[in-house]
Amino acid sequence: MKTIEKPSVTARIRDRIVSDLHRGRLRAGDRLPSIREVVQETGVDHRAAAEAYRVLEEEGLVEVRGRSGVYVAVQERIGGMLLSETSRWLAAVMAESWKRGIMVPQLPELLHRCTRSVPLRCAFVESNEDHMLAFVTELGAGFGLHCTPVYLTARSGIGGDEVFDGARLRQELAEADMVATTAFHGALVRQAAESAGIPAVVVSAVPELGTAVERRLREAGRLTVVCADPSFGERIRTVYGADADRERIRIVLADDSWAVAQLNPSEPVLLTRAARRRLLDDAGLTMLVPHSPTLSFESAREVAELVIRLNVGPVPDAEQPADDALQPRG
């Protein structure tokens with residue numbers, strides 16, 4: 001498997017700010033994490049964090065106000081679109097296309113051929129509703145995949161371990177073009193997909209989610225998870241080492257209206273997309289992290305490459321002429 005180069009701290013901060021600006025979570029004048037907070041979240045050197053903000057200030061994305069902190073700079077907009085940042089991104093796409101001999105008028109058709117030549121059926125395999133809904137929603141909306149949820153059901157094996165029915169799973173994957181799952185079921189799903197001759201991808205969540213959970217546990221000593229499926233909450237306890245001290249991570253089910261009503265609206269909670277759907281809204285709760293994006297950038301790139309391969313065949317070398325390189329799958 002090829003390695004994916006980790007983005008620089010500047011790129012990570014830029015991506016987060018731009019993403020939140022596009023989604024309306026940030027506005028001009030909003031205060032951004034301090035250099036010290038960036039160091040705590042990312043683990044980078046203090047000078048690297050300061051240099052990242054200096055670069056972003058030169059780009060016009062942030063404004064550094066000395067000891068007052070770092071703030072979102074005023075962004076030029078047209079029709080709700082971030083003009084300067086979007087223009088830079090699109091100019092880079094156009095320049096890279098030109099370098100490969102792909103002219104600008106060819107780009108819309110090329111994108112369609114690479115991603116929409118065939119309707120792709122994606123089976124998403126999971127064992128809890130919360131992870132299932134989060135990833136199925138983003139894979140469908142973000143990549144145009146026709147996602148079918150495939151729920152794993154377990155029985156108790158020797159020693160109390162969960163045992164999943166691999167034969168039934170292979171049957172359920174038979175009609176899919178591709179399969180996706182999380183790392184919790186990666187080995188089982190990859191084996192079943194390989195037996196069925198279907199490409200598989202194991203997706204991960206954005207690292208900001210883990211950072212937010214760890215920071216909340218470190219600062220407050222506890223975290224409340226509001227979810228639809230109790231197994232999701234137990235998974236969170238296991239991942240963040242709260243099995244021994246279960247009170248560190250409290251699980252509240254969305255269907256338990258009394259327990260939800262007792263929550264302090266000012267205390268941040270990990271509220272899943274599935275739980276919010278059952279509540280019909282956020283019930284006035286403060287969300288620890290937003291619902292979108294859930295999919296990490298590395299996973300998004302892997303899914304995108306698989307979508308292209310399934311539409312046009314193996315990704316060609318950059319030197320191959322554009323007209324011959326990307327032919328739709330027959």
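Nothing in this text is a laboratory measurement; each read-out follows from the coordinates by a stated rule. Treat the numbers as computed from the prediction; the structure is a model and nothing was measured. Here the Cβ positions follow ideal geometry from the backbone for every residue, glycine too, while neighbour counts run over all protein chains shown.
Computed values, structure above
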quantity	calculated
Potential extension, Arg65-Val118 segment - 0.36 nm per residue separation minus Cα distance	14.0 nm
Net charge dipole size for region 9-78 [Lys, Arg +1 and Asp, Glu -1 on Cβ; Debye, nearest 20]	220
Arg218 versus Ser97: modelled label distance in nm, points set 7 Å from Cα along the beta carbon direction	4.3
Net lengthening on full extension, Ala141/Trp89 (0.36 nm per residue, minus Cα-Cα)	16.6 nm
Relative contact order [Cα under 8 Å, 6+ residues apart], region 207-279, whole percent	37
Average Cα contact separation per residue, region 9-78, under 8 Å, 6 or more apart, as relative contact order %	37
Residues Phe184, Phe135, sorted so that the one with the fewest Cβ neighbours within 10 Å comes first	Phe184, Phe135
